[in-house]
Amino acid sequence: MEIGIRQISELGNTPGLWYAFAYFTSSLLFLAVNHNTRKGPRKWLPVSFLGIFLVIFMQLTGGGYGLFFIFVMCVIITDMYLIFHLCLEGDFFKKFYYTIRSFMLGEFMASLGWQIYYFGVRNNAVKTDLFHQAFAMVITYVVILGIAILLEKRNAQRNRELIIRKWELIVIFFVMLILYSISNLSYVVTGTPFTTVHTSELFIIRTVIDFAAVSMLYLYHELMLQTVETIEAKTLKNMYEMQYSQYQIQEESMALVNQKYHDLKHQILALKAGAGADTDDYLDKMLQDIKRYETSYNTGNRVLDTILSAEAMKCQARGIELTCVADGSILSFMDPMDISALFGNALDNAIEGVEKIPAKEERLIHMAIDRQKSFVRIYVENRYTGKIKFRHNLPLTTKADTNYHGFGIKSMKSIAEKYDGSIQAEANDGWFRLSILIPTKE
């Protein structure tokens, strides 16, 4: 016998415990498969407290209507957001985005599980006791969470670079709010084309709409990831091409400059032969100034020599001391475009960090390129001032707009991974250290 909406029986309303466990476990799922989740045991005590609070609160407030129902939902959303705030790296937009996703997944889990249980009870196949309720809940939640883990795990690595913008979050929030309101409309009003007074129909409407919301969020998430990857790939490609073109220009310029330096040096030496004492001192000073700009890198790799020469001139102009011990011949297996991008970005970042230091004697950059067993080791260290924030062992950009900066690090990471290598960085004792390991092809 069907149950009227205004005389909702125990089976006509999903228990608060079902929702509490669904919300909490869906939150843990998104944290478990997300590479931006903070490490360490200290966060689990407050997270456990928030989970216990959610269970108690839902048990005490289940079945509310009207404004009280809105208040209950606000408390639940806040509780779930605090879980992501404690455990997830990122800004407010990213944390609230995952709050919305876990909330809708929890809604779907609870509505589908209770609908299946209700169907079993109506057909006299399932008893209305606590054991059968718990059994139905566990089976339903395990299946849904298992499917969700398989789907979300595919994106665990890709989620690192996901950026949620304000307007994207606003659109997602209001679309989900509309769908959630429609799914629960029959609890508020009756006698409309979109509501029902029959419990079984109510459950079907709610479950179908919740499933649509979860599916839309997942597909939108995939679309955002593909958009980010497409933009990043195009940006990195343009960066490589621009840096390689810059390298080619630098190579031509350095060859011309070196020729002019060479000619000028001989002209000065010729003048010194017939000059007086005062003029001789002046010419010695000119010769010394020229030597400061004369390139002398001969690492065994033409591309690396050009990059080092160009970066050395930048350092000279900014009062930075650059020292380099490099065996460029071990880079022969790398594409010239990758060499120019890798070392150009590494030294540009080092110069950017060092030139902020007021004391010129502290403006130091050291680079080493050598072979360690079957690996090429690239090591760059520089002095720095201020604070450097890290994520996944790599520094975050210090620019205000993180959407369009930080591609130097991404470029180096992409190149290292292209050759099955790895990159990591650290900062301590006033030194920033970048280390890249790439297996050799020999």
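The values are calculated or read from the model by the stated rules, or taken from the named source; none is laboratory data. This is a predicted model, so every value here is computed, not measured. Positions of Cβ are backbone-derived with ideal geometry, glycine not excepted, and every protein chain shown enters the neighbour counts.
Looking at this structure, is Met137 surrounded by 13 or more Cβ atoms within 10 Å (Cβ to Cβ), in the same structural domain as His221 (by TED's automatic domain parsing), touching a residue at least 40 places away in the same chain (Cβ under 8 Å) and in contact with a Gly (Cβ under 8 Å, 6 or more places away or on another chain)? Yes; evaluated as a whole, the condition is true for this residue. When Thr37, Thr14 are screened for being among the polar types (S, T, N, Q) and touching a Cys at 6+ places or on another chain (Cβ under 8 Å), only Thr37 passes. Mind checking which residues of region 420-436 are surrounded by 14 or more Cβ atoms within 10 Å (Cβ to Cβ) and outside any strand (DSSP E or B)? Answer for region 420-436, where residues must be surrounded by 14 or more Cβ atoms within 10 Å (Cβ to Cβ) and outside any strand (DSSP E or B): just Gly421.
Say we look at region 360-384 and pick out the residues that are of a type in the set (A, V, I, L, M, F, W, C) and touching a Lys or Arg at 6+ places or on another chain (Cβ under 9 Å); which of these is surrounded by the fewest Cβ atoms within 10 Å (Cβ to Cβ)? Walk me through it before giving the result.
If we filter region 360-384 for residues that are of a type in the set (A, V, I, L, M, F, W, C), which is where we start, we get 364-365, 367-369, 375-376, 378, 380.
Keeping just the survivors that are touching a Lys or Arg at 6+ places or on another chain (Cβ under 9 Å) gives 364-365, 368-369, 380.
Details: Leu364: 18, Ile365: 23, Ala368: 15, Ile369: 24, Val380: 22.
Residue satisfying both the conditions and the ranking: Ala368.
Residues in region 329-351 that are crowded, with 20+ Cβ neighbours inside 10 Å, touching a Ser or Thr at 6+ places or on another chain (Cβ under 8 Å) and over 20 Å from Asn238 (Cβ atoms): Ile330 alone.
Criterion first (part of a helix (DSSP H, G or I), assigned by TED's automatic domain parsing to the domain that holds Ser200 and under 29 Å from Leu45 (Cα atoms)) does Leu151 satisfy it?
Details: part of a helix (DSSP H, G or I): yes; assigned by TED's automatic domain parsing to the domain that holds Ser200: yes; under 29 Å from Leu45 (Cα atoms): yes.
Here the answer is yes, as Leu151 does meet what is asked.
When you look at Arg318, is it at pLDDT 85 or above and either aliphatic (A, V, I, L, M) or under 21 Å from Arg363 (Cα atoms) (or both), yes or no? Yes; evaluated as a whole, the condition is true for this residue.
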